[in-house]
Amino acid sequence: MTVPLEPFGKARGERADAARNRERLLAAAREMIAEQGTAQVTMDGLAERAGLGKGTVFRRFGSRAGIFQALLDDDERRFQERVLSGPPPLGPGAGPADRLIAYGSARIPFLLEHHAIARAAVDRALPVPAGAASMTQPHIRVLLGLAGLPPDRVYGLSVQLTAALEGPLLLYLAQDEIPAPPAPDDPDPLVDGWRFLVERLLAD
């Protein structure tokens, strides 16, 4: 069973040259972030790095925040592909409990790795977005249903679990730094907490 998702990436019917420019700009933006961090990415700098006119950058992204939102959308699309058609247990083919645990175990690092980009994607003139484009809540809702939870509980629990999973990112958006990630051999407390929550919720 799959989840209906919001479309990410380039719009349908996009001209071939516009699509090429989009990919060129996103690649250039990723290079700049890797080399200099998000703070140094500007519309002028991106145009120069990509070898395109500044007008092209403005038409594509609209604002500096739009650059980072486009990067998030692109990475979200790739993440969704892993969930919908990748190998189990993140992708189809595993039981709902295993898929829920795998989803959180993959989603938490994804959110933390995108912390700086998510901060830069926020337009300070607007409210902080609450993950409206995320597939998390509908995906959790489907898996809870497949796990046999009562239908009248599924919606409320999906909202609560989404807040538990996506909520830390909203807290981190207000901070300049996030805690250092655990060492490779050390458990991640957020991932462990998610596993504990799912196992207790779906325990026989």
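The values are calculated or read from the model by the stated rules, or taken from the named source; none is laboratory data. Given the structure is predicted, the values throughout are model-derived calculations rather than measurements. FYI the Cβ positions are ideal-geometry reconstructions off the backbone, even for glycines, and counts take in every protein chain you see.
For segment 78-106, the tally of residues that are in a helix (DSSP H, G or I) and more than 21 Å from ARG200 (Cα to Cα) stands at 8.
Restricting to segment 194-204, and then to whatever is touching a residue at least 24 places away in the same chain (Cβ under 8 Å) and assigned to a helix (DSSP H, G or I), can you tell me which residue is nearest to the chain's Cα centre (by Cα)? Within segment 194-204, the match that is nearest to the chain's Cα centre (by Cα) is TRP194. Taking SER85, is it surrounded by fewer than 16 Cβ atoms within 10 Å (Cβ to Cβ), polar (S, T, N, Q) and in contact (Cβ under 8 Å) with a residue 60 or more places away in the chain? Considered against the rule, which asks whether it is surrounded by fewer than 16 Cβ atoms within 10 Å (Cβ to Cβ), polar (S, T, N, Q) and in contact (Cβ under 8 Å) with a residue 60 or more places away in the chain, SER85 comes out as no. Can you list residue pairs whose Cβ atoms sit under 6 Å apart, with the first residue in segment 141-169 being within 19 Å of ARG99 (Cβ to Cβ) and the second being among the aliphatic types (A, V, I, L, M) and not in a helix (DSSP H, G or I)? Count only pairs 6 or more apart in sequence or on different chains. As it stands, the answer is VAL142/MET1; VAL142/VAL3; ALA147/LEU202, since those pairs meet every condition given.
Within segment 39-55, the set of residues being over 23 Å from the mean Cα position of the chain (by Cα) and not in a helix (DSSP H, G or I) comprises GLY51, LEU52, GLY53. Of all the criteria given as (1) over 10 Å from the mean Cα position of the chain (by Cα); (2) free of Cβ contacts under 8 Å to residues at least 40 places away in the same chain, the one not satisfied by ARG64 is (2). Hey, does segment 18-33 have a residue that's assigned to a helix (DSSP H, G or I), at pLDDT below 90 and not assigned by TED's automatic domain parsing to the domain that holds SER158? Within segment 18-33, one or more residues are assigned to a helix (DSSP H, G or I), at pLDDT below 90 and not assigned by TED's automatic domain parsing to the domain that holds SER158. Pairing residues of segment 108-124 that are within 12 Å of ILE67 (Cα to Cα) and assigned to a helix (DSSP H, G or I) with residues that are basic (Lys, Arg) and at pLDDT 85 or above, at Cβ distances under 9 Å and at least 6 apart in sequence or on separate chains, gives ALA120/ARG64.
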